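Just below is one structure, and these are the notes that go with it.
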Amino acid sequence: MTETPDLAELQHRLAAFAAVRGWGPYHTPKNLVTALGVEAAELAEIFQWLTPEQSARVMDDGTTAHRVRDEVADVLAYLLQFCEVLGVDPLTALSEKIDRNEKRFPVT
């Protein structure tokens, strides 16, 4: 079994992948967030006409599960590249957002 890579390692691999291909000039915040939206839409497309019950079982079909994993990877790749370009630590941003939401939506 392979070890799960950490977030910093994945960001480094993505940056290196883009750098050796000369894609840096195209990886502007606007372009990356646009690509992120497109990939999120491609993920949503898989679920578009499914019932809630069908959507809960989407990973049971090998072909569909592969498509879901690929689109999740694309969304995450663009999000990580976007964060890299803007200097946002995604885990810190998420942690801070959860903290704010816990205060905003207290358990009653």
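The values are calculated or read from the model by the stated rules, or taken from the named source; none is laboratory data. Bear in mind the structure is a predicted one, so any value in this text is a computation, not a measurement. Using ideal geometry, Cβ is built from the backbone for each residue, glycine included, and neighbour counts are taken over all protein chains shown. These area figures cover heavy atoms from the full protein model, side chains too; ligands, DNA and RNA do not enter into them. Shrake-Rupley method; radii C 1.70, N 1.55, O 1.52, S 1.80 Å.
A few points about this structure:
- The Cα trace of the chain gives Rg and Dmax of 16.8, 53 Å, the first to one decimal, the second as a whole number.
- Approximate spin-label separation ASP89-HIS12, in nm, with each point projected 7 Å along Cα-to-Cβ: 1.7
- Per residue accessible area of the chain, 1.4 Å probe, in Å²: 77
- Comparing LEU50, LEU76, HIS66 along the charge dipole axis of segment 26-98, the residue lying farthest to the positive side is LEU76, per the Cβ-charge model.
- Segment 43-93: C-alpha gyration tensor shape, a/c 1.5 cut-off, then a/b vs b/c: prolate
- Förster radius 22 Å - calculated FRET efficiency between VAL33 and LYS97 (Cβ-Cβ, nearest 0.05): 0.80
- Separation in nanometres of the label points that stand 7 Å from Cα toward Cβ, at ALA40 and VAL58: 1.4
- Along the chain, longest interval not containing exposed chymotrypsin sites (Phe, Trp or Tyr not before Pro), exposed being DSSP loop plus at most 14 other Cβ atoms within 10 Å: 50-108
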